[in-house]
Amino acid sequence: MTDSLPAPAQTMDAALTAYRGYVAGKLDTLTGQVLTLKASIGNNDLAAARPQWLDAQLTWQEIGAAYGSFGDLGDAINGLPSGLPRGTADPGFTGLHRLEYGLHHGQGPAELAPVAATLYTDIGALRGKLPSLTVAASDLPIRCHEILEDSLRDNLSGNNDQGGGMALALTAADLHGTRVVLALMATLIDGLQPGYTARVSATLDRLDTALAATKANGRWPVWRAVPLSGRQPVTGALGAALEVLAYVPALFSTDD
Amino acid sequence: MTQHTPPPGPDAPGTASDGAEPHAAGSALPRRRSFLIGAGSGAAVTALAATGITAASRPPESTTAAPAPAPAVAFHGANQAGVYRPAAQQRQACFAAFRVLAKDRAELKTLLRTLTAKGATLSTGLRISDPVPAEDLPAVAGGPPPNSGVLGEDVPPDSFTMTVGLAASVFDNPAYGLAAKKPKGLTGMTVFPNDTPDPAWTGGDLLLQLCADSTDMIHYALRDITKATRGVLALQWRINGFHSAPRPSGSPRNLFGYKDGIVNLAQDDQLVWIGKDSGQPAWAVGGTFIVVRLIRMLVEFWDRVGLGEQDGMIGRHRATGAPLGGTTETDVPDYAHDPDGQTIPLDAHIRLANPRTKATDASRLLRRGYNYDLGVDLNGNLQAGLIFASYQRNIQDQFEATQLRLVNEPMTDYIEPFGGGYFIGLPGVADKHGFLGEGLFT
């Protein structure tokens with residue numbers, strides 16, 4: 001959605017290297033976006049900060065950081081209040097969703113500036129650690145499947161929503177993240193199962209179309225405000241994509 | 001799960017098929033795997049690429065006998081099962097309404113083929129050693145199994161029936177080009193004076209009525225069917241119901257404590273199946289109109305009413321099910337000799353529903369409803385009632401004529417119809433070569 005897809009890698013090692021480069025680029029983008037967001041919050045310009053939060057959140061989604069793959073730093077950057085004793089008031093609730101919460105619940109610089117500062121630091125820390133993070137060979141095949149499982153489980157369920165209502169935008173970004181991983185893996189996937197990448201892509205195209213159809217005046221509506229007749233094509237296309245994506249990890253499995 | 005880096009691509013001779021080897025037709029899991037990734041065979045690969053629901057045009061294998069004594073109900077026949085077949089109504093049911101997301105006529109046809117294959121397979125039962133039905137995404141080593149395992153490895157027939165209906169909205173959708181095939185009298189559900197329709201429990205393009213003798217079979221079947229139709233059917237509302245055991249004998253009781261379904265239509269009455277002379281489109285012959293009404297019963301309120309008043313509202317004795325003045329449930333009320341309602345009040349439910357006159361005989365319908373028990377309402381009352389399901393050859397002349405007689409009956413104080421819909425139950429599938437709704441496409 002924001003940039004072109006990478007060229008297919010010829011080996012899993014090459015795919016992992018290319019993916020790491022992709023994440024590094026995204027984290028650089030995110031660093032700049034959070035710096036801007038932090039400044040707006042510091043200036044008490046919350047009207048500017050709200051769309052800037054979305055920009056940053058979407059960049060994070062495009063990384064495709066499914067299933068806690070960045071550990072504690074990932075939680076600090078993208079954690080949720082669930083499971084914390086004091087919920088949204090818990091000091092352990094930090095990062096992008098914490099800013100989303102504050103920006104949609106009448107909070108200002110006093111509460112949010114320290115959160116933004118910590119977020120900026122955490123992203124820097126992740127960016128610094130990235131070259132040394134080891135990634136299992138199974139990571140990318142699973143990621144092909146599970147980024148969009150998270151869209152269904154976390155975004156479209158409303159579980160992630162801290163007031164922004166942007167589940168559709170986040171899902172579109174997740175879709176892009178999935179396409180990036182799939183593009184990197186295309187040669188490897190098709191080597192195991194000729195034509196499978198095209199088959200997956202067809203389901204993703206349908207999801208793209210369904211997502212786009214919800215837009216009004218070029219803007220993403222709040223997901224829960226979309227009528228059922230508009231939600232069904234989105235969840236239907238997502239479900240169909242997931243059924244097909246679920247086989248990608250198995251292609252690379254040695255289970256018997 | 002153990003993962004490994006796959007071998008490099010085309011440059012390394014033989015590696016592609018080596019890479020596929022773990023999934024290939026081996027000894028341990030032969031036929032289930034071979035459909036998906038058959039050792040690199042071109043046919044298997046093509047099958048995978050074309051899978052999803054398009055593969056459903058291949059009829060399911062039905063060579064396996066029922067694995068357990070639980071009976072199988074024939075799927076094939078002139079009419080769909082779940083209406084008169086099996087003769088004894090099953091104990092459990094699910095009524096589920098779906099939005100159809102098929103983008104065009106071809107996808108709709110494929111969907112109906114998939115549903116047909118599912119209905120046939122689930123009715124017959126399935127053993128783990130059977131080939132994966134063509135309508136399923138097949139198993140891959142290390143991947144998701146095609147069978148949820150809720151019933152264990154083998155799927156018993158369990159008197160399972162699947163009955164499919166289409167709403168008017170399918171015929172009105174220009175993408176399907178079915179306007180000329182729309183049955184006469186298939187409208188949206190009429191809102192009657194005592195109804196309080198809830199959008200969350202109404203609408204839907206396609207009805208699935210799943211019946212079986214156990215709750216886990218119902219759950220399995222719905223889950224299995226939705227997986228095979230993901231992206232084409234969007235589940236919109238669903239409700240599970242149960243058909244009680246006789247207490248102590250005779251017809252089962254509803255949640256008001258009254259025997260229900262004592263008087264019902266026999267097939268010989270010819271009021272259920274759409275016939276050749278019905279004036280309906282030829283494709284619909286052998287079908288039936290299905291009316292589903294979700295009727296909440298305010299059971300706490302009902303339980304605070306005197307038995308005499310309850311009996312008067314129903315027109316029967318609660319204990320025996322006999323019409324008032326009678327002794328057994330099969331006694332026939334004699335309205336001719338009770339013109340003023342001295343014995344059975346003129347506004348008793350059974351008297352309004354079926355006045356037993358020549359003029360009203362043709363408005364009788366087949367009922368095959370289920371009790372439901374959903375949970376708790378806003379105020380701590382039980383959310384429970386009746387899934388009313390009726391089958392008739394004409395909605396207006398039968399269901400609606402009956403319903404209009406019941407408007408403002410005394411019992412309306414204790415019930416709240418809140419959902420459901422009107423559907424054309426498709427004609428039956430003659431044999432394994434046909435599919436549900438086939439006549440729509442000719």
* To do: Return yes when residue A:38 is within 17 Å of the chain's Cα centre (by Cα), more than 14 Å from chain B (Cβ to nearest Cβ) and crowded, with 17+ Cβ neighbours inside 10 Å and no when it is not.
  => no
* Mind checking which residues of segment B:299-319 are touching a residue at least 24 places away in the same chain (Cβ under 8 Å) and under 17 Å from residue B:253 (Cβ atoms)? -> B:299, B:302, B:305, B:310, B:313, B:314, B:315, B:316, B:318
* Specify the residue that is most open to solvent (accessible area, probe 1.4 Å); the eligible residues are those in segment A:59-106 that are under 18 Å from residue A:129 (Cβ atoms) and free of Cβ contacts under 8 Å to residues at least 24 places away in the same chain. => A:72
* Asked: Residues in segment B:126-147 that are within 13 Å of chain A (Cβ to nearest Cβ) and open to solvent by 20 Å² or more (accessible area, probe 1.4 Å): how many?
  -> 5
* To do: Specify which of the listed residues (B:374, B:378) is in a strand (DSSP E or B), farther than 30 Å from residue B:181 by Cβ and open to solvent by 20 Å² or more (accessible area, probe 1.4 Å).
  => B:374
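Residue by residue, here is whether (1) outside any strand (DSSP E or B); (2) within 25 Å of residue B:170 (Cα to Cα); (3) touching a helix residue (DSSP H, G or I) at 6+ places or on another chain (Cβ under 6 Å); (4) open to solvent by 20 Å² or more (accessible area, probe 1.4 Å) holds:
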| position | (1), (2), (3), (4) |
| --- | --- |
| B:341 | yes, no, no, no |
| B:364 | yes, no, no, yes |
| B:386 | no, no, no, yes |
| B:390 | no, yes, yes, no |
| B:398 | yes, yes, no, no |
* Structure fact -> Residue hits (segment B:237-254; of a type in the set (S, T, N, Q), in a loop (DSSP other than H, G, I, E, B) and buried (at least 17 other Cβ atoms within 10 Å of the Cβ)) are B:251, B:254
* To do: Go over the candidates B:260, B:277, B:269 one by one and state the one that is of a type in the set (Asp, Glu) and under 30 Å from residue B:307 (Cβ atoms).
  => B:260
* **Evaluation of residue A:45 against (1) touching a helix residue (DSSP H, G or I) at 6+ places or on another chain (Cβ under 8 Å); (2) of a type outside the set (Gly, Ala, Ser); (3) free of Cβ contacts under 8 Å to residues at least 24 places away in the same chain (one fails), failing number** => (1)
* Where residues in segment B:225-236 are touching a Lys or Arg at 6+ places or on another chain (Cβ under 7 Å) and part of a helix (DSSP H, G or I), which of them is nearest to the other protein chains (Cβ to nearest Cβ)? -> B:228
* Asked: Which condition breaks for residue A:165 when tested against (1) within 9 Å of another protein chain (Cβ to nearest Cβ); (2) on the phi > 0 side of the Ramachandran plot?
  -> (1)
* Structure fact -> Those residues of segment A:207-256 which are open to solvent by 10 Å² or more (accessible area, probe 1.4 Å), among the hydrophobic types (A, V, I, L, M, F, W, C), more than 10 Å from chain B (Cβ to nearest Cβ) and within 27 Å of residue B:223 (Cβ to Cβ) amount to A:223, A:226
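Any residue that is more than 30 Å from residue B:136 (Cβ to Cβ), at pLDDT below 95 and among the small types (Gly, Ala, Ser) - is there at least one of those in segment B:197-211?
No: zero hits.
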* Looking only at segment A:5-35, which residues are touching a residue at least 60 places away in the same chain (Cβ under 8 Å), open to solvent by 50 Å² or more (accessible area, probe 1.4 Å), out of contact with any Leu (no Cβ under 7 Å at 6 or more places or on another chain) and away from chain B (no Cβ under 14 Å)? -> A:5, A:28, A:35
* To do: Among the residues of segment B:232-282, write down those that are in contact with an Asp or Glu (Cβ under 8 Å, 6 or more places away or on another chain) and aromatic (Phe, Trp, Tyr).
  => B:242
* Mind telling me which of the residues B:82, B:38, B:77 ends up being assigned to a loop (DSSP other than H, G, I, E, B), over 16 Å from the mean Cα position of the chain (by Cα) and modelled with pLDDT of 95 or more? => B:77
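The values are calculated or read from the model by the stated rules, or taken from the named source; none is laboratory data. Bear in mind that the values here come from a model prediction, so they are computed numbers and not experimental data. Ideal geometry is used to build each Cβ from the backbone, glycine not excepted, and the neighbour counts take in all protein chains shown. Note: accessible area is taken over every heavy atom of the protein model, side chains too, but ligands, DNA and RNA are not part of it. Shrake-Rupley method; radii C 1.70, N 1.55, O 1.52, S 1.80 Å.
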